[in-house]
1. Can you compute the helix-only [θ] at 222 nm over the chain? Use -39500 (n - 2.57) per DSSP H run of at least 4 residues, normalise by all residues, nearest 500 deg cm²/dmol.
2. Rg and Dmax of region 110-215, Cα atoms, in Å?
3. With the Cα gyration tensor of region 382-456 giving a ≥ b ≥ c as the square roots of its eigenvalues, does the rule (a/c under 1.5 for rounded; else a/b larger than b/c for prolate; else oblate) give rounded, prolate or oblate?
4. How large is log10 I(q)/I(0) at q = 0.06, 0.07, 0.09 Å⁻¹ when the Debye formula is applied to the Cα atoms of the chain, each weighted equally and without solvent?
5. Which pairs in the list Lys212/Lys413; Lys358/Lys413; Lys140/Lys413 are over 19 Å apart, alpha-carbon to alpha-carbon?
6. Ranking request for peptides 102-111, 615-624: highest mean number of other beta-carbon atoms within 10 Å first, then the rest in descending order.
7. Report the Cα-based extents of region 453-594 along its three principal axes, largest first, to the nearest Å.
8. Can you tell me how much longer the chain between Leu620 and Arg87 gets when fully stretched, taken as 0.36 nm per residue apart minus their C-alpha distance, in nm with one decimal?
Amino acid sequence: MSAAPARKFVPPRAEARQTEVPGVEEVPRGLDGLVHDAIGRWRSRASESRRLWKLSGVLEAEVDGLRKYSERNLRSLMRKQREAVRRRGAAWSKELPACLPLVAEAARRTVGLRAYRTQIMGALAIGEGFLAEMATGEGKTLTIALAAAVAGWTGRPCHVVTANDYLAQRDSEQFSLFFNLCGLQAASVTATIEGADRRERYRADVVYCTGKELVADFLRDQILLGPMADSTRRAGARLAGGVRQIPTVLRGLHTAIVDEADNQLIDEAVTPLIISRKEDNEVLREACAEAEKCAASLLPGEHYELNERHKEVRLLPAGRDHLSAWCANRKGFLSATDWMADLITQSLQARHFFLRDKQYVMVDGKVVIVDEFTGRPMPGRSWRLGLHQAVEAKEEAELSSPSETLARLSFQKFYRLFPHLAGITGTARESAREFWRIYNLPMAEVPRHRPNLRVDNKTAFFFEEDRKWETIATEIARIHATGRPVLVGTRSVAASEHLARILSQRGLVFSLLNAVRNNHEAGIIAQAGEKGAITIATNMAGRGTDITINNKVRELGGVHVVLTEAHESRRIDRQLRGRSGRQGDPGSTRLFLSYEDELLQRFLGPVSSGFVRNWCGIGLPFATAVLRGAGWWAQYRAEKKSRRQRFLVMRQDAEMVKSIIGGGPRQF
């Protein structure tokens with residue numbers, strides 16, 4: 001990390017301008033929503049991408065002309081452009097065509113990376129507030145750095161949001177010399193940085209961090225400021241001498257450049273980040289333990305029924321009678337039937353829908369939640385309203401104390417607070433309408449630097465899951481015998497461990513990467529392109545880390561990616577396929593799908609599921625076509641359900657984001 005500047009006294013009005021958090025307009029609905037969508041389609045039209053592509057070609061030629069300049073002259077030109085950017089104010093993106101050739105040449109001189117036309121176009125798109133779709137391996141890290149340098153010249157905070165702490169630290173260190181030549185300071189903020197060091201790092205011109213750290217620090221600042229969170233009120237109080245400068249961690253919100261934007265702005269957007277404190281509640285811990293014992297005595301179908309699609313449990317009359325008799329023999333809170341019914345319902349949910357090695361893993365006797373979309377462990381997070389204690393009771397682990405919520409904010413609402421929001425990802429097309437509707441982000445598609453040579457083989461369909469796994473193992477062995485590397489993507493820890501056992505029985509050597517075995521993640525993925533390598537990974541699959549191959553592997557056909565089942569979003573399937581065939585390399589992929597996969601069992605629906613089971617079970621013709629249609633329908637319904645959930649969170653945010661500060665609800 002380059003050293004962050006020492007903290008200086010900020011005048012009240014200047015502080016107000018720096019730390020002002022703008023209001024968020026309600027997302028248009030009804031007829032206004034249709035008009036808004038039409039505007040989004042216009043902003044995302046193909047001619048806009050062609051305009052950016054044409055301009056990037058002109059700028060690429062200008063970069064070559066800057067090679068003859070001395071470093072002193074280059075610095076002088078950049079200082080002049082920095083002043084021009086600051087004079088532009090909110091319209092700073094108008095200076096991008098003049099700035100990008102300069103920062104591209106600075107990148108070549110400092111980190112040895114030449115900015116190709118595709119990367120210059122991506123930086124233009126980010127600077128103009130687009131969501132850039134850029135294929136895996138096309139150099140998104142450099143693209144972001146170019147745009148961040150120009151954004152840093154505004155003098156306002158620029159946050160680059162990365163997928164994990166490793167990438168935040170890696171990218172800030174890799175480009176520190178580049179930012180220094182541009183007259184800027186870059187820093188990274190990770191979970192291990194605390195206290196004054198954390199505050200000073202946020203004072204840097206460009207800050208690399210994860211969304212989780214950024215939102216958490218924002219909420220902590222809101223708690224610290226209390227009634228003075230309003231920047232205008234705080235400036236007035238300081239001018240009147242009534243309050244000192246409050247040592248907040250952030251220096252405001254202005255520009256956010258979101259890497260892997262589909263994951264940050266769509267998949268994780270509905271998850272609220274909660275600031276809480278442990279609250280010793282022995283009564284609740286005892287009640288959760290007793291509720292687990294009672295739940296163990298209930299029978300599905302007789303005492304309760306399950307809704308697999310929505311992961312809900314409903315007590316039947318026989319179950320309520322059983323519960324009433326159970327409570328009659330208890331005292332205190334355990335005798336309260338309605339209260340215990342809620343806890344027992346949660347215990348049943350924990351038993352049926354929160355499964356070990358899927359939704360969570362056990363680490364040192366503690367329940368650690370696993371991120372549904374990345375497969376990464378999330379230590380320190382817990383489920384709310386006693387659900388976490390219900391899972392702990394099921395696992396016979398020590399029950400943790402429940403938490404008292406101090407503040408909460410959804411990522412979806414938080415990212416909408418930025419005056420300038422932009423992002424980049426390899427998979428934006430499927431959710432282009434949603435990006436525009438929620439974040440006002442039009443999409444620009446960046447062409448590939450080299451043609452895509454990857455071959456996406458036809459999907460293999462199966463009725464029985466066991467047969468599918470055996471066929472997957474056979475395919476891995478067949479490809480491995482040719483010397484080609486194989487990357488296998490699984491949806492859960494349990495699935496990755498199951499496949500690992502099958503491959504071990506066949507005598508195959510492999511690397512296993514999941515929420516339990518996640519040490520040296522980047523290193524494992526980086527080596528996944530070596531000759532003969534077999535890598536099994538959950539959804540994490542090393543996003544942000546390139547899989548490079550040598551000439552020998554290139555001659556053999558490149559990396560072969562195996563998708564062991566379809567995900568709830570086509571975007572995630574496309575992300576995994578994109579791990580092969582980067583930068584014009586050869587490669588291939590194949591998806592395996594069975595009727596017994598979780599996707600079809602949860603989202604196919606009882607009528608469709610019964611039809612597929614009867615048709616394929618008795619071996620009628622065109623079974624493959626039926627399974628193909630079933631897979632498409634299940635994925636469509638899953639995407640629709642997730643989209644509705646995100647829009648529901650958006651409407652709730654529009655009314656109020658509740659944060660219990662000083663004993664009452666408060667809207668940011």
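What follows draws every value from the coordinates through simple rules; no lab data is involved. As the structure is a prediction and not an experimental result, all values here were calculated from the model. Cβ placement follows ideal geometry from the backbone for every residue including glycine, while neighbour counts extend to all protein chains displayed.
1. Working: 26 runs with 314 residues, N = 668.
The helix contribution divided over the chain gives -14500 deg cm²/dmol.
2. 13.3, 42
3. Details: a/c = 4.21, a/b = 1.86, b/c = 2.27.
The shape class here is oblate.
4. Here the Debye-derived log intensity ratios amount to -0.38, -0.52, -0.86.
5. Lys358/Lys413; Lys140/Lys413
6. Ranking, from highest mean packing down: 102-111, 615-624.
7. 38, 33, 33
8. Here the segment from Leu620 to Arg87 would lengthen by 184.7 nm.
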